[in-house]
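What follows is calculated from the coordinates using simple rules that are stated; it is not laboratory data. Remember, predicted model here, so these are calculated numbers, not experimental data. Cβ coordinates were reconstructed from backbone atoms using ideal geometry, including for glycine residues, and neighbour counts include every protein chain displayed.
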Amino acid sequence: MNATPIQVLHVIGGTGCGGTETWLTNMLSHAEKHGLSMSFLVHTNSPGHYDDLILKRGGRIYRCPNHRSIFQYSRSLRSVFKPDRFHVIHSHVSSYSGIVLRAAHRAGIPTRIAHSHHTRPVHQSWARGIYRSLMHHWINQYATHKLAASEQATTTLGSPIGGKSDWQVLHCGIDLQPFEQNWDRESLLGEMKLDSSAKVIGHLGRFVPEKNHAHLLATFRHLISRDKRWQLLLIGDGPGRRHLEQRVNDLQLTSHVRFLGIRSDIARLLKGLVDVFVFPSTREGLGLSLVEAQAAGIRCIASTAVPDEATVVPELVTRLPASADYLAWADAVESVAAVPPVVTAQQAWSRVNQSDFDLEAGTHQL
């Protein structure tokens, strides 16, 4: 541990319950022992899910809500970025990191990290393309270190020059301790008001288009047509939730689908209740939810759009294209549900624990 902590400012959009935000908030618990002091700069004045926990764990939150104006945003950054306040600026805001790192360089911050968490979008306008080109130029010019959440994410914020990438992969870690515990399934079924014969599908993710909830719902509807015992648990929140709730109501599936919102007991729900985890995303920077499901020892059906690195226990993971029809996905769910896992939950947890997805190992590497 360093005698004087390394002062790090993480620049993120907000403190909602996304994968990056969860990783950073959890890392606060381990930061001090590694000689790190972590603060956060966010692009909103609205309270975030993790605000209280960040403050409780010793973090500080700076707010720059005027980020849509480059000039105002740059002025706000200059008021925060002080060499005697921060040693490291670690930016997680995709292409916008160009503005952040340029301001950090001008402020004399010695270490400036760009962190890519997403894969490249399929479509973009010509104006968006010009903007991205400028931002990526600034990232290449002003970043002292470049990190990516997966191999696929290494080319998102600027293609490698000459075929050689200078981006280093750093997998976001998860807190694995809760996944080592065991819970009584019957009591959880009772808590959820589910019959003891229920067959439970789980999904964890924000309600945004790339999570492909429409496909998941079509798959589930077909499963219900075959077997009324199936239940679907949707963990998370997001802008598409209301539309999906309406769709569930229109399909008369309300007695089979539960919207659980943002939860702090993910391990308890996954390991204690879920039979099959379904993750049909059309685009993922990494897919930490899939890693969490494997840590819980659950059989998983995931799309091929999820990076291969998210498969830590291959015996638990079946892959299908996101474009495959719901009949193929339903068949896959029924197939894996019919056969007990070939690895125990403890063996699965141990293998994830020994990987670089372990939060403690990731904090040390960072």
Would you pull out the residues with amide H under 5 Å of Ile61's amide H, same chain only if 5 or more places away, H placed 1.01 Å from N?
Phe40
Rounded to whole Å, sorted largest first: equivalent-ellipsoid semi-axes of region 243-314, Cα gyration tensor
24, 16, 11
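For the chain, what value does the Rg/Rh ratio take when both radii are computed over Cα atoms and Rh is the Kirkwood radius, given to two decimals? Can you show the working numbers first?
Working: Rg = 21.2 Å, Rh = 21.6 Å.
Here the Rg-to-Rh quotient is 0.98.
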So if I take the centroid of the Cα atoms in region 156-216 and the same for region 1-45, what is the distance between those two points in Å?
21
Place a +1 charge on the Cβ of each Lys and Arg in region 93-155 and a -1 charge on the Cβ of each Asp and Glu, then give the dipole magnitude about the Cα centre in debye, rounded to the nearest 20.
160
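Hey, what's the per residue convex hull volume over the C-alpha atoms of region 64-131, in cubic angstrom? Spell out each step's value before the answer.
Numbers: hull volume 6.4 nm³, N = 68.
Cα-based convex hull of region 64-131, divided per residue, equals 94 Å³.
Which percent, nearest 5, of DSSP beta bridges in region 156-268 are antiparallel? Please report the intermediate quantities before stating the final value.
Values: 1 of 11 bridges.
Roughly 10 percent of the DSSP beta bridges within region 156-268 come out antiparallel.
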Sequence order, region 274-284: Karplus ³J(HN,Hα) from phi using 6.51 cos²θ - 1.76 cosθ + 1.60, θ = phi - 60°, Hz rounded, Gly and Pro as x, gives 7, 8, 9, 9, 10, 9, x, 4, 8, 7, 8
Would you grab the residues whose amide H sits under 5 Å from the one on Gly285? Only those 5+ places off in sequence or on another chain, please, with H modelled 1.01 Å from N.
Thr119
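In region 24-65, what is the volume of the convex hull around the alpha carbon atoms, normalised per residue and reported in Å³?
On the way: hull volume 2.4 nm³, N = 42.
It is 58 Å³ per residue.
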5 Å is the cut-off here: which amide hydrogens, built 1.01 Å from N in the peptide plane, fall below it relative to Leu36, excluding neighbours closer than 5 in sequence?
Ile6
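Just in region 1-81: which trypsin sites (Lys or Arg not before Pro) are loop by DSSP and have at most 15 other Cβ atoms within 10 Å? Provide the component values of the computation, followed by the final result.
Working: sites: Lys33, Lys56, Arg57, Arg60, Arg63, Arg68, Arg75, Arg78; in loops: Arg57, Arg68.
Counting only loop positions with at most 15 other Cβ atoms within 10 Å, the trypsin sites (Lys or Arg not before Pro) in region 1-81 are Arg68.
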In Å, what is the Rg of the alpha-carbon atoms in region 285-361, and how long is Dmax?
12.7, 41
Obtain the nm distance between the two label points defined at Arg226 and Ala127 by a simple spin-label model: each point lies 7 Å from its Cα along the Cα-to-C-beta direction.
4.7
For the chain, with +1 on Lys and Arg beta carbons and -1 on Asp and Glu, the positive-most of His145, Trp329, His243 along the dipole:
His145
What nm distance separates the two modelled labels at Arg60 and Gln365, each placed 7 Å from Cα along Cα→Cβ?
3.0
Net dipole in debye of region 186-320 [+1 Lys, Arg Cβ; -1 Asp, Glu Cβ; about Cα centre; nearest 20]:
380
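Looking at region 216-308, which chymotrypsin sites (Phe, Trp or Tyr not before Pro) are DSSP coil and have at most 16 other C-beta atoms within 10 Å of their C-beta? If you can, show how the numbers build up before the last one.
Working: sites: Phe220, Trp230, Phe259, Phe277; in loops: none.
Listed in order of number, the matching sites amount to none.
What dipole magnitude, in Debye to the nearest 20, does the chain give about its Cα centre under +1 on Lys/Arg Cβ and -1 on Asp/Glu Cβ? Walk me through the numbers before you get to the answer.
On the way: 38 positive and 31 negative charges, 298 e Å.
Dipole size: approximately 1440 debye.
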